[in-house]
Every structure is written in C-alpha cells, then in structure tokens.
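See structure below.
No value in this document is a laboratory result; all are computed from the given coordinates. These numbers come from a predicted model, not from an experiment. Cβ placement follows ideal geometry from the backbone for every residue including glycine, while neighbour counts extend to all protein chains displayed.
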Amino acid sequence: MPTLVHSMTGLTRAEKTVPVQLGSRSYDVLIGPGLLQEAGRLIATRVGKGKCGVVTDDNVARHHLATLEAALKAENRHAGSIVLPAGEATKSFSHLAQLSEGLLSMGLERGDLVVAFGGGVIGDLAGFAAGILRRGVRFVQIPTSLLAQVDSSVGGKTGINTPQGKNLIGVFHQPSLVIADTDVLATLPDREMRAGYAEVAKYGLLGDAPFFDWLEASWKGVFGNSGPDLTRAIETSVKAKAGIVARDEFETGDRALLNLGHTFGHALEAWTGYSSRLLHGEGVAIGTVQAFRFSESEGLCAPGTAQRVAAHFTQVGLPTKLSDIPGDKADADTLLRLMAQDKKVRDGKLTFILVRGIGDAFVARDVDAGRVRAFLEREISS
C-alpha cells in the first residue's frame, strides 16, 4: 500500500461554514485548520453559556487533549475530561454507563454541554450519553478522524453496538455545533485516514458523479499536504449530508441513501466482532463494492461499473473483497443473519442501497434473501 502523507503544516486559515438546516435545531459545521485552539471561543459565541464536559479516547488525548482543555479553560468553560479506550468495542452498554456516571459526577446540569472529542466511536457514544443525560443536554462534536469529519459527526445519529448488530441502541440527538479542525488529521494513522476516505467517496457514488470523477483525479491531494483539496473533499461531503439530513432527519426516506455499502459493511463488522480486523470505513469500502457488484448481478447497472469503484479503492489502499479481511472465511448464512438485524429492515424484509450507476443510488426494499445469499456465496469463494 502507498504511504500517505497528510501533514497539515504551513496552511493558512481557510475556515468554511456549512449550515445544517433543521429549524430550531439548526447548527453549523465549521471546517478548516487551526480551529481546535479556538474551540473555547467558538463554543462561547455560537452555543452560549454552560460548562463543558469533554469525552475523548486515549489516542486523541495523547495528541490533542491539552490543546482543547487550554482553549476551554481560557473561557472558564472546562468542567472535566473523561478518557476512554480507543476502538469500536468502547461503543457498549458498560462504557455508556461508565460515561454517564462520570459526566454526572462532573456536576453537569441541563444547561451545560458534552463535548465529543474523537472519531466516530466517541461521537456516537458521547452523543448518546448527552441525549439521555438528565433527559437530554446539549453537545458539541469536535471530530478528529476524516470519517467523523465527513460523516458521523453530522446528522444527530448516536448509539452503541450490541452482539446483534451495529448501532442498534441509540437516539437521534443533534449537536449544537460541529468543529472540524483539519490540522488534527496530521496525527491520524494512515489506515484510519484511508478508512475515512471510503465515506468521502460514498458521497460521489451515491449522488454526485462529478465529485467521484474529481476524487479519482485528486485523491492524492486529499491525503497529502494540499490543504484546499482536503478542505474541498470535507466540505463537499458535509454539504451533501447536510442536505439529505435537512430533508429527512429521522431516516424515513432519502437519508437511507447515506447507508450505501453499510448493510454489507455493518454485517462484516459484526461478524469480525468489531475488532481491529476490520475498521468501519474498511467495511464500508468492501460493502460499497459489494453493493455495486450485486447491482450489476441484478442487471441494474452497466458491467464494469463495480470494477471502476474497486480499482479506485485499491489505488487508495482500501480493501474491496471479503478475502481482503484477515482471519477466517466468512459464512453466507451468518452474514445474512446479521443483515437481518440491520436498522433498515422493515417487517422482516431486507433493504439495500443499490445503484444504477456512479452517482445514482436508490433504496431497494424487499430484496430477495435467496439472491443475496447466492451472491454472498460467490463473493466468499472469489
């Protein structure tokens, strides 16, 4: 795999603001370098009064917690910080209980804020805790991974995992502000950066073919020290998600499109036990290619479309096949059973996001389980 250089040193400030229009619950997503040092001021001016209880993981804490705490203390807003283990396994009932009790021990009240400072795991868990703490307190997302900056920090989905599946327990709870500092991505491991890129590409694949064309030509700039390319990729992704969330906040229609690749991908994550064998974005990459391959097998899109997607993901360094996952082989019946636990299942019928081509995804309800099983068996044996 190529080594990805994503140092943000030497960039000039170029803050972008993307509004998420949800009436009285509207908020802004701020994107650009150098925003973490300004977090205390930004929260004070855009969110208002209230103490801030910070939730982060040990990886992020090692690199960036002191900077955030200093920014909050400068505004006399810091109530305390809770540092949790990094990794998908932290999205659990046990850590939710630990976190909720820790936030209450800080003395957080209804007018205070939880600050989710980390990747998608911390954002989902801390957002869920904020949604149930004292029956709901405000929270701010400060995403520190590419995946979180372009996807999970926006839209108000929060939750934890169970053995039955991913994100099956949670609430919709919108943040009051999202601060996406591109500088913090400089400390992100290459593998995590690649995983986040799968979500960036998703926005082109589901509804913006010119954006995917641009990514094919410019992906090295997104990973490299070219600030404008990275900012453009994040801003375009966030705008796409903000538009869909504004139309369908609670995922009763269009918002399901954001799950392109996720029905397959979530099943793979559950099958691997939410372990380091497969990061979320890696599961999305494999799942997205599978969605295109399945669409081709059903005659929905032109032959070769899936190969184009797979070729780009391979170029970036992402997995594209079930055989790319280390360890034991998957089992079609097990994966199908896990898919049946997906949140998009209605009346026991499978729902998939399928495609007619690059940038043309649609929601397919009541997909025949037998055809999916046969497809999975072909994928496993390939």
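At-a-glance table
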| quantity | calculated |
| --- | --- |
| Rounded to whole Hz, the Karplus (6.51, -1.76, 1.60) HN-Hα couplings of the stretch 255-264, x for glycine and proline | 4, 4, 4, 5, 8, 3, x, 7, 5, 5 |
| 0 to 90° range, to nearest 10: angle between helix 120-132 axis and the chain longest Cα axis | 60 degrees |
| Computed FRET value (nearest 0.05) for SER105 with ARG135, which takes r as the C-beta separation and R₀ as 22 Å | 0.75 |
| Which of HIS63, HIS266 has the fewest Cβ neighbours within 10 Å, and the rest in rising order | HIS63, HIS266 |
| Ranked ILE142, ILE169, criterion: other C-beta atoms within 10 Å, fewest first | ILE169, ILE142 |
| Gain on full stretching of the segment that runs from LEU168 to ALA369 - 0.36 nm per residue minus C-alpha separation | 70.3 nm |
| Dipole magnitude of the stretch 10-63 about its Cα centre (Cβ charges: Lys, Arg +1; Asp, Glu -1), debye to nearest 20 | 220 debye |
| Unit charges at the beta carbon, dipole of the chain: most positive-side option, VAL222, LEU133, LEU300 | LEU133 |
| Other-chain or far-sequence residues with amide H under 5 Å of ASP208's (modelled H) | GLY359 |
| Dipole in debye (nearest 20) - the stretch 260-381, about Cα centre, beta carbon charges: Lys, Arg +1; Asp, Glu -1 | 160 debye |
| Length gained when the stretch GLN21-ALA209 is fully extended (0.36 nm per residue, less Cα-Cα span) | 65.3 nm |
| Sparse-neighbourhood loop sites, trypsin sites (Lys or Arg not before Pro) in the stretch 43-121 - DSSP loop, at most 14 other Cβ within 10 angstrom | LYS49, ARG110 |
| Using alpha carbons only: equivalent-ellipsoid semi-axes of the stretch 308-377, gyration tensor based, whole Å | 23, 19, 10 |
| Sequence-distant residues sharing a close amide H with LYS16 (under 5 Å, placed H) | ILE31, GLY32 |
| FRET efficiency, ARG337 to SER92 (Cβ-Cβ, R0 25 Å, nearest 0.05) | 0.75 |
| Positive-pole candidate from LEU42, LEU188, GLY273, dipole of the chain, charges at beta carbon | LEU42 |
| Angle in degrees between helix 93-105 and the longest Cα principal axis of the chain, rounded to the nearest 10 | 10 degrees |
| Inter-centroid distance (Cα atoms) of the stretch 189-230 relative to the stretch 280-350, Å | 19 Å |
| Around TRP214: net Lys/Arg minus Asp/Glu count, Cβ-Cβ under 13 Å | -3 |
| Charge tally in the Cβ shell below 12 Å around THR144, where Lys, Arg are +1 and Asp, Glu are -1, THR144 excluded | -3 |
| Signed unit charges on C-beta, dipole axis of the stretch 260-381, positive-most listed residue ALA361, LEU318, LEU260 | ALA361 |
| Assigned charges on the beta-carbon of Lys, Arg, Asp, Glu; the chain dipole about Cα centre (debye) | 680 debye |
| Between helix 369-381 and the chain: long-axis angle, C-alpha atoms, 0 to 90°, nearest 10 | 90 degrees |
